[in-house]
Every structure is written in structure tokens, then in C-alpha cells.
Ligand SMILES: [Zn+2]
Ligand SMILES: [Zn+2]
């Protein structure tokens, strides 16, 4: 579809936007718990699909946004409806929508629109588009105000930002693939062919457990770094070949200089140099967590061995679809604890204590009974 046609349709849709009420869970302020609310969604425009949401994963970003903890660069507008790990079923497709039809099982991740024209969009990296519309707490170009996420009974999204979910996947476990899945899949893929290579995963939470599954499926020798001996058995069950207790200097020393690639999923303060020392020549460590304070990287640790530190942020639409298809082929989903939506506030507290294996997935059928 040409830019002109697409833009034309968008402005027509914007002018004509009528809305309907949808049940949701929203936070009224940074200090309020999430509670039942009714929000306005646009009626599907020509290229939109309307999706009945079946499951929505709970991401740490949801909690940060609800509590306005990223006020410095992304202040929260209230009411706030979080949720960007969405799996559902298409209930209606716009007159010009060609990719989906009612009944299709689909996913929506962190981005629901972009300018379709910048270099990042042309390269299929919509997550870096300066005009990207994020799934929640992002200016809504159709209705004004901000976008509302997946803690809701339905959502309306331009079909070019809707993903196809393979039919063999458990839907509760598939929801977290839309953020935790692509966040870990993308940097592993970008690194190159990791078959037979030694790959480390730092941290075994929502992101780390997906990193282990993907690295294993790509044929790497997978080693998990953890501070918790209690996680060892689980790491092996998830696919790791080996587990290193990062608090044990002897264990760390024995593996120094032997890794090709390390995926660092820790969002708390930690000593990154300890992991840079684990890398061999030309090794890379990629950060997907975002510690609040800057990490002190020792230059010498990088210089000797020509090592590099990188960051990575979710993935583009094309790559997200590739990831979902890969998960379909390999039977990969997140390990989830399914909860009704009324337990979402309690789930946030448990997530802060890392008391979840390894992601909460909200069964949205529970919202109907609210
Ligand atoms: Zn997320
Ligand atoms: Zn763009």
C-alpha cells in the first residue's frame, strides 16, 4: 500500500472516529491501585482490526508506568491502562484490511502505530520510529489523549501492527512473547549464528527465562548466571546446560574469557565488568534490562579482547512475526501463572519480590464478570 493511500485513509478515519465503551482496569493516579473502569475505543477504521483480548501478560514496564516511575522521560497520563503483551481474537476487520479476518488469533506488542515513512520504519524497525505510537501512555492520534493498553476486553489496532499467533501455542503462555519474547529473541538473532557457541544469560526472570529457551532452540551452549542457588534446577529444566553462581568468585574465574555472547537481563544495579570478563575475544554483552543508575564500564575490560557492550529494545513488526513463527515451530511459550484481573495489584507486589515463575498472564475472561 502506498504512503499516500495509507495517510489518506488515516485522516479519513480520524475525522470519522466514533467510539465505543470498553471495560478495562485502570490506575487513576500514581498511588492508586488498578481498578475497573470504562474507556473509549475507536470504532475500527478501514485498515483497523478490532480484537477481543483473551490474555495479557504483565510486564515490569506496566508497573513502572502505572506508578509514574519513569516520570523523567515518559511521564504517565492518568487514567492509565497498561498492558502490551496482548493475545486475542479478531472480532471485526475494516473495509480495507486485507491481512486479517474475524476469528483469527492475533497478538499486539509494544507498538501500535508509526509514521510508516522514516528510515527506521523502512528498515522494519518501527520501535525506533520517532513517530511511534506505543500501546499505552502514548499520544493517541485518533482520539486525542493517550493510548490504552491490554488490561481491557478489546483493542483496535491498524492491521500493519497486528501479529499472527501460531495455532499450536498455548495462548496464556504466548502473550508474554509480545514483549519478553521479542526483547530476548531480537538480540540473540542479531548476534548471528550462535549454534555451538557459548552463550550466557544473566538473570532468570521474565526476560531471562525466555533468553534461555531461545538460545537453546538456536543450538547454543547455554549458561545461566544467577545469584540464587535455588534457581539452578529450574534453569536446567528451562534448557540451560550449566548454571554459574555469580556470587562465587571461583566459579566465575573458571569461566573467564570463554563466552561468545551474553544476554544481560538485569534491571537492578550490578557489576557489568564481572560479565565483560567472562567474554572471549570479540565477545559481546547486550543489555535488555534498564538499571536506574549508569553502569560503570571499565574500558580496559573492553580493550583487551576487543569486546563490546550493546543495548537492544524489543523488535520491529517483521521480526516479531518471525519470532512468533519460530515459537510455533519449536513449541516455545513463556512459563506463566494465569491470574484473574482482580488479582493484578497483588501480582504487582509479587513481581517486585520476583515471586513469579516467570510471568503473570491475565485471563481476560475474568474481566467480563467484573
Ligand atoms: Zn514490556
Ligand atoms: Zn517511522
I need the Kirkwood Rh of segment 310-356: take the reciprocal of the average 1/r across all distinct C-alpha pairs and report it in angstrom.
13.5 Å
So what's the angle, to the nearest 10 degrees on a 0 to 90 scale, between helix 317-330 and the longest Cα principal axis of the chain?
70 degrees
Here the averaged projected area of segment 48-188, based on the convex hull of its alpha-carbon atoms and given in nm², is 8.9 nm²
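Relative contact order of the chain: what whole-number percent is it, with Cα pairs under 8 angstrom and at least 6 residues apart?
Values: 843 pairs, mean separation 63.7, N = 370.
Here the relative contact order equals 17 percent.
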Note on segment 149-215: the mean projected area of its alpha-carbon convex hull, in nm², is 6.2 nm²
The chain, Gaussian network, Cα under 10 Å: of 201, 212, 356, the residue fluctuating most is 356
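Using Stokes-Einstein with the Kirkwood hydrodynamic radius over Cα pairs, what translational diffusion coefficient do you get for segment 264-370 at 20 °C and a viscosity of 1.002 mPa s, in µm²/s rounded to a whole number? It would help to have the intermediate numbers written out before the result.
On the way: Rh = 17.2 Å.
Translational diffusion coefficient: 125 µm²/s.
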Per principal axis, largest first, the Cα atoms of segment 184-290 extend in Å by 30, 29, 26
Which Rg and Dmax, in Å, describe the Cα atoms of the chain?
20.7, 66
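The numbers here are math on the coordinates, done by the rules we state, and not lab data. Here the structure is a predicted model, which is why all the values come from computation and not from measurement.
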